[in-house]
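Contents: one structure, followed by commentary.
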Amino acid sequence: DYVVVKMIPDNRLPPRHLHAVRTGKTFAVIKWESPYDSPDQDMLYAVAVKDLVRKTDKIYKVKSRNSTVEYTIKKLEPGGKYHVIVQLGNMSKESSMKINTVPLSAPDALKIITENDHILLFWKSLALKESNFNESRGYEIHMFDSLMNITAYLGNTTDNFFKVSNLKIGHNYSFTVQARCLYGGQMCGEPATLLYDELGTGTDSSATKSGRATDVAAIVVPVLFLLLVTLGIGFVVLYMRHRRLQNSFTAFANSHYSSRLGSAIFSSGDDLGDEDDEAPMITGFSDDVPMVIA
C-alpha cells in the first residue's frame, strides 16, 4: 500500500543557492534557484542592489517559472562594492550576498626620468584601453619609502606625468600610479608600481639595466663594424693580388708565344747558357775571304 502526498508550495521560503557567476567592470551575473522545485506558475522576484560606496539602492523585478534563474545586473561601476538581495515579490524571506566589481586596469608603460634635483614619472593614458575611464577623473600617486617603512600620498593629476622632488640619498622608493579613488578612497583603479633605487646615483633599477644594455651595445657594435671593414679590406687586397699575378702570367706567356708553332715555348736557363758558351762569336767578315753561297 502507498499514499501520494502533495506538498503545498510555501511562498515564504527564500530563493536558494544565490551566487555570482561572473563579474566584470560594469556588470555582474548572478544565479539562484526557486524556493521549491518545479514551480507551476510564474514567480516574481525582487532583486535589490545596494551600492555600499554611494549609499544608493536600486530594485529590479524578475519574472520566471524556471527552477534556476540567471540575471545580469548592469550599470555598475568599476571597483564598486554592492550588497545584492533576492526575494519573492511578496516580501518573503531573502537571500543575500556581496559582490565587488573589477576595478580599472593599471596604467601602462610607467617610467622614470631622472633630472638634476627631481624625477619625473610618465605613463600612458588609461583612456586608451579603458572606455569607462575619463581623463577628468585623473590619477593619484603614492610613494613607499622602504628604509623608513612609510607610505605617502603625493597628490593627483589629470596629466600623464608627475614631478617628484626632495628625495633622500640612499633611500629606495616604490611609486604607484592608479586611477583616482572616488568616494572616500573606496573606488580605485589597479596600481602600476615601479621601484626607484636611488642609492646616491639618481637612477632607477630599470634605467640602470637599460643603461648597461646601451653600454654593451656601444662596445659591441663598433667592434663588429671594424671586423667587417677589416674583412672587406682583406678581400680587396687578395683580389688585387690575384689580378696582378694573373696579368703578369698573361704578359709572360704572350712574350714566349710562337705564332709559327701556335704555342708558347719555354726553355730552361741551363740549356740556354750552354749553347751560348759553345757557340763561337762572329765578329765580322774580311774583304779578301770569298763568300760561298750554296
- Message: Test of understanding: what is the full-extension gain from Ser64 to Leu195, defined as 0.36 nm times their sequence separation minus their Cα-Cα distance?
- Response: 41.8 nm
- Task: Provide the packing ranking of 54-66, 28-40, i.e. peptides ordered by the mean count of other C-beta atoms within 10 Å per residue, highest first.
- Result: 28-40, 54-66
- Anchor Lys74: lysines whose Cα lies under 26 Å away (excluding residues fewer than 8 positions away in-chain): Lys25, Lys31, Lys50, Lys55, Lys58, Lys61, Lys63, Lys93, Lys98, Lys129
- Query: Could you give the nm distance between label points at Glu33 and Ile169, where each point is 7 Å from its Cα heading toward the beta carbon?
  - Reply: 7.0
- Message: I need the calculated FRET efficiency for the pair Arg54 and Met148, taking r as the beta carbon distance and R₀ as 30 Å, to the nearest 0.05.
- Response: 0.25
- Task: Calculate, for Asp159 and Val21, the FRET efficiency according to 1/(1 + (r/R0)^6) with r their C-beta to C-beta distance and R0 41 Å; round to the nearest 0.05.
- Result: 0.55
- Please name whichever of Pro107, Trp123, Val4 sits farthest to the positive end of the charge dipole of region 1-136, dipole taken about the Cα centre and charges placed at Cβ: Lys and Arg +1, Asp and Glu -1. Val4
- Pseudo-spin-label distance Ser131 to His242, built 7 Å along Cα→Cβ, given in nm, is 6.6
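No value in this document is a laboratory result; all are computed from the given coordinates. Being a predicted model, the structure only gives us computed values, none of them experimental. Methodologically, a virtual Cβ is constructed for each residue, glycine included, from the backbone with ideal geometry; neighbour enumeration extends over all protein chains shown.
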